[in-house]
Amino acid sequence: MSEKREVILEAKHVTRRFAASHGRTLLANNDINLKMYKGETLGLVGESGCGKSTFMRFLVSLDTPSEGEILYRGTDITKLKGEELRNNRQNIQMVFQDPTLSFNPKMNIRDIVCEPLMNFKKIKKSEKDAVCRKLLEMVELPGDFADRYPHNMSGGQRQRVAIARALALEPEIVVLDEATSALDVSVQKTVIELITKLQREKNITFGFICHDIALVQLVAHQVAVMYLGNLVEVLPGKDLDMKAMHPYTRALMGAVFDINMDFSKPIESIESEAPSPLDLPQGCPFQGRCEHCMDICKKENPKLVEVEDGHSVACHLFQKGSK
Ligand SMILES: Nc1ncnc2c1ncn2[C@@H]1O[C@H](COP(=O)(O)OP(=O)(O)OP(=O)(O)O)[C@@H](O)[C@H]1O
């Protein structure tokens with residue numbers, strides 16, 4: 001890994017509790033500590049409901065944590081208000097799974113793509129056409145798509161428009177929340193290639209939320225694996241195959257490589273359903289599905305500890321004095 005990596009965002013002890021029925025509390029994020037680096041992609045992976053979107057929504061101020069801070073270039077963005085909050089939206093943008101939900105169907109693509117620029121008074125009305133064409137070309141769509149409406153485009157084209165709109169303000173960080181998950185595999189591949197190209201050209205930092213670890217492995221420099229609100233492993237994307245340690249990460253990888261599996265190394269699979277996030281056991285949240293569960297796993301939730309540079313794991317199997 002390069003020595004010169006620049007941390008631009010750091011989450012410290014981020015916790016989010018949601019009030020649930022019958023006075024119960026749902027712990028959607030439990031003491032999350034993560035860094036994002038300039039020009040790199042952080043992949044956040046885990047099953048549905050593990051808290052991926054909850055975390056990334058803090059970055060674009062769609063929600064605030066119950067505890068903890070998120071420092072973007074030294075400023076805690078969870079505390080921003082008024083003009084500062086508005087200005088921060090220029091730095092960090094988000095693209096969702098289904099762009100049609102955030103597009104006004106009565107607006108043409110020109111208005112949709114240029115809306116953030118108009119809102120921030122970055123361009124005049126007369127400049128919209130030329131600016132939109134440039135942004136469409138950046139995402140490899142024809143300039144004349146400016147006159148189209150979202151319903152006259154394919155899912156992949158709409159997602160390109162959503163990316164063009166998110167990049168219009170030249171943000172430093174873009175969060176892609178399952179942004180390619182609804183697309184056919186071949187279209188997904190072309191959108192991933194586009195994202196990689198844009199990162200190379202513009203040095204953008206991406207937050208890539210995805211439940212598909214194989215896809216995350218393709219794009220992420222750093223992968224963070226979440227399980228029921230907890231970070232269980234953080235490691236370089238290139239090391240997922242050979243160095244993943246947490247039984248949950250290995251189970252996710254096992255599910256991916258099942259067909260072509262290397263029988264020389266054991267690959268665990270997940271036998272049972274995840275417990276309800278409202279009914280978490282004491283100790284490690286993964287204990288009920290883990291083949292290696294020990295007594296201590298039923299008592300203490302393991303802390304995320306660094307096992308080598310850039311690789312941390314939260315599992316009693318790898319913590320000193322845990323046997
Ligand atoms: N506003 C809310 N109020 C109550 N519970 C919430 C709220 N938002 C999320 N949750 C709960 O928090 C947990 C984490 O949800 P989150 O959307 O972050 O998961 P996710 O990993 O992104 O899953 P998915 O891929 O399905 O979106 C879930 O159990 C969800 O039901």
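The values are calculated or read from the model by the stated rules, or taken from the named source; none is laboratory data. The shown structure was predicted, so the numbers you read here are calculated from the model rather than taken from an experiment. FYI the Cβ positions are ideal-geometry reconstructions off the backbone, even for glycines, and counts take in every protein chain you see.
Every test in (1) assigned to a strand (DSSP E or B); (2) outside the structural domain of residue 177 (by TED's automatic domain parsing) is passed by residue 71 save one, and that test is (2). Only residues that are farther than 27 Å from residue 159 by Cα, assigned to a helix (DSSP H, G or I) and of a type in the set (Ser, Thr, Tyr): list them for the stretch 74-103, please. Selection gives 78 alone.
Give the stretch 274-287 a look and list any residue that's crowded, with 16+ Cβ neighbours inside 10 Å and either free of Cβ contacts under 8 Å to residues at least 40 places away in the same chain or over 23 Å from the mean Cα position of the chain (by Cα) (or both), or say none. Across the stretch 274-287, the qualifying residues are 280, 283, 284, 287. Only residues that are part of a helix (DSSP H, G or I) and over 19 Å from the mean Cα position of the chain (by Cα) were counted across the stretch 157-182, and they come to 3.
Just a yes or no: is a residue in the stretch 77-90 away from the ligand (no atom under 15 Å from the Cβ), touching a Pro at 6+ places or on another chain (Cβ under 7 Å) and under 30 Å from residue 129 (Cβ atoms)? Among the residues of the stretch 77-90, at least one is away from the ligand (no atom under 15 Å from the Cβ), touching a Pro at 6+ places or on another chain (Cβ under 7 Å) and under 30 Å from residue 129 (Cβ atoms), which makes the answer yes.
Criterion first (small (Gly, Ala, Ser) and loosely packed, with under 13 Cβ neighbours inside 10 Å) does residue 68 satisfy it? No.
Tell me, which residue of the stretch 35-63 that is assigned to a loop (DSSP other than H, G, I, E, B) and more than 9 Å from the ligand (Cβ to nearest atom) is nearest to residue 218 (Cα to Cα)? Reasoning before the result, please.
Just the residues of the stretch 35-63 that are assigned to a loop (DSSP other than H, G, I, E, B), to begin with: 38-40, 46-51, 60-63.
Those left that are additionally more than 9 Å from the ligand (Cβ to nearest atom): 38-40, 60-62.
Values: 38: 18, 39: 16, 40: 13, 60: 25, 61: 28, 62: 28 Å.
Per the criteria, the residue is 40.
For the stretch 19-33: of the residues being polar (S, T, N, Q) and assigned to a strand (DSSP E or B), which is surrounded by the most Cβ atoms within 10 Å (Cβ to Cβ)? The extreme case among them is 29.
Listed here are the residues, each with its yes/no results for (1) touching a residue at least 40 places away in the same chain (Cβ under 8 Å); (2) in contact with a Gly (Cβ under 8 Å, 6 or more places away or on another chain); (3) within 16 Å of the ligand (Cβ to nearest atom).
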site	(1), (2), (3)
139	yes, no, no
152	no, no, no
167	yes, no, no
223	yes, yes, yes
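Does the stretch 105-113 contain any residue that is closer than 26 Å to residue 45 by Cα and part of a helix (DSSP H, G or I)? Reasoning before the result, please.
Start the filter on the stretch 105-113 by keeping residues that are closer than 26 Å to residue 45 by Cα, which leaves none.
No, the stretch 105-113 contains no residue that is closer than 26 Å to residue 45 by Cα and part of a helix (DSSP H, G or I).
Consider the stretch 177-208 and keep the residues that are touching a strand residue (DSSP E or B) at 6+ places or on another chain (Cβ under 7 Å) and either at pLDDT 95 or above or more than 16 Å from the ligand (Cβ to nearest atom) (or both). The one that is farthest from residue 121 (Cα to Cα) is 208.
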